[in-house]
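Structure record follows, encoded as structure tokens.
The values are calculated or read from the model by the stated rules, or taken from the named source; none is laboratory data. Everything numeric in this text was worked out from a predicted model, so none of it was measured. Note that we place each Cβ from the backbone using ideal geometry, even for glycine, and neighbour counts take in every protein chain shown.
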Amino acid sequence: MRKIGAPGEPELAVGAVSDGATTHWTVNRDVAASFGLSDADVRARGARELAEIERRRALWLGERPRVGFAGKTVVVVDDGVATGATMRVALQAARAGGAKRIVLALPVAPADTLAELSVHADETICLAAPRPFHAVGAHYGAFPQLSDADVAKILAGFPPPRR
């Protein structure tokens, strides 16, 4: 899944996209409209994000096969959500992939976004829904970005999934 950032504000989601057998999209129409972007404009920006998903998959996972969702309990986790665009796409992809059960797990989210996302999950776990909500990173003592090398090293420590 990848956030589709707003022009000049890459952390503000105008939408999100997922890869896989079926590409899933979501557009935050209010945010997109505030930047003068149509759905087609957001999808064009999203095409670049699909390329980034594939670049990262190759770098981080190498030859590991894709793991399917069919018949499984899928726990969808993020470090927190603001607009919910990326999480919404992740939940849609899990459902469309045939997940038996979907658990949404978050440390922090705005209450309204959490309520909207919860309808797409069978269970929701969120540690905090502060009011007012300003930004995900504001709820962490440290919120560093991980490099590609960091992620690849972490993932290399785990065996490939069982089929």
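Rundown of residues vs (1) in contact with a Ser or Thr (Cβ under 6 Å, 6 or more places away or on another chain); (2) part of a strand (DSSP E or B); (3) surrounded by 14 or more Cβ atoms within 10 Å (Cβ to Cβ), yes/no style:
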residue	(1), (2), (3)
67	no, no, no
71	no, no, no
79	no, no, no
86	no, no, yes
89	yes, no, yes
93	yes, no, yes
105	no, yes, yes
117	no, no, yes
126	no, yes, yes
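Given the residues 84, 46, 68, which is the only one that is touching a Phe, Trp or Tyr at 6+ places or on another chain (Cβ under 9 Å) and modelled with pLDDT under 95? Being touching a Phe, Trp or Tyr at 6+ places or on another chain (Cβ under 9 Å) and modelled with pLDDT under 95 holds for just one of 84, 46, 68, which is 46. None of 146, 155 is under 24 Å from residue 74 (Cβ atoms) and loosely packed, with under 11 Cβ neighbours inside 10 Å except 146. Residue 51 satisfies every condition listed in (1) within 23 Å of residue 137 (Cα to Cα); (2) free of Cβ contacts under 8 Å to residues at least 60 places away in the same chain except (1).
The C-beta contact set for region 5-25 (first residue of a type in the set (Val, Ile, Thr) and modelled with pLDDT of 90 or more, second residue assigned to a loop (DSSP other than H, G, I, E, B) and surrounded by 15 or more Cβ atoms within 10 Å (Cβ to Cβ), distance under 6 angstrom, 6+ apart or interchain) comprises 14/28; 14/37. The condition (being surrounded by fewer than 14 Cβ atoms within 10 Å (Cβ to Cβ), under 28 Å from residue 150 (Cβ atoms), in contact with a Gly (Cβ under 7 Å, 6 or more places away or on another chain) and not hydroxyl-bearing (Ser, Thr, Tyr)) is satisfied by just one residue among 11, 63, 54: 11.
On the stretch given as region 18-30, residues that are among the aliphatic types (A, V, I, L, M) and either surrounded by fewer than 19 Cβ atoms within 10 Å (Cβ to Cβ) or within 19 Å of residue 68 (Cβ to Cβ) (or both) total 1.
Can you report the number of residues in region 128-163 which are outside any loop (DSSP other than H, G, I, E, B) and either over 16 Å from the mean Cα position of the chain (by Cα) or among the β-branched types (Val, Ile, Thr) (or both)? Step through it out loud before you land on a result.
Filtering region 128-163 down to residues outside any loop (DSSP other than H, G, I, E, B) leaves 128, 136-139, 148-156.
Those left that are additionally either over 16 Å from the mean Cα position of the chain (by Cα) or among the β-branched types (Val, Ile, Thr) (or both): 128, 136, 138-139, 148-156.
Residues that pass the stated criteria total 13.
Residues in region 31-44 that are farther than 13 Å from residue 18 by Cα, surrounded by 11 or more Cβ atoms within 10 Å (Cβ to Cβ) and out of contact with any helix residue (DSSP H, G or I) (no Cβ under 9 Å at 6 or more places or on another chain): 33, 34, 44.
Look at region 112-134: where a residue is touching a residue at least 24 places away in the same chain (Cβ under 8 Å) and a partner is among the small types (Gly, Ala, Ser) and surrounded by fewer than 16 Cβ atoms within 10 Å (Cβ to Cβ), sitting 6+ places away or on another chain with Cβ atoms under 7 Å, you get 114/129.
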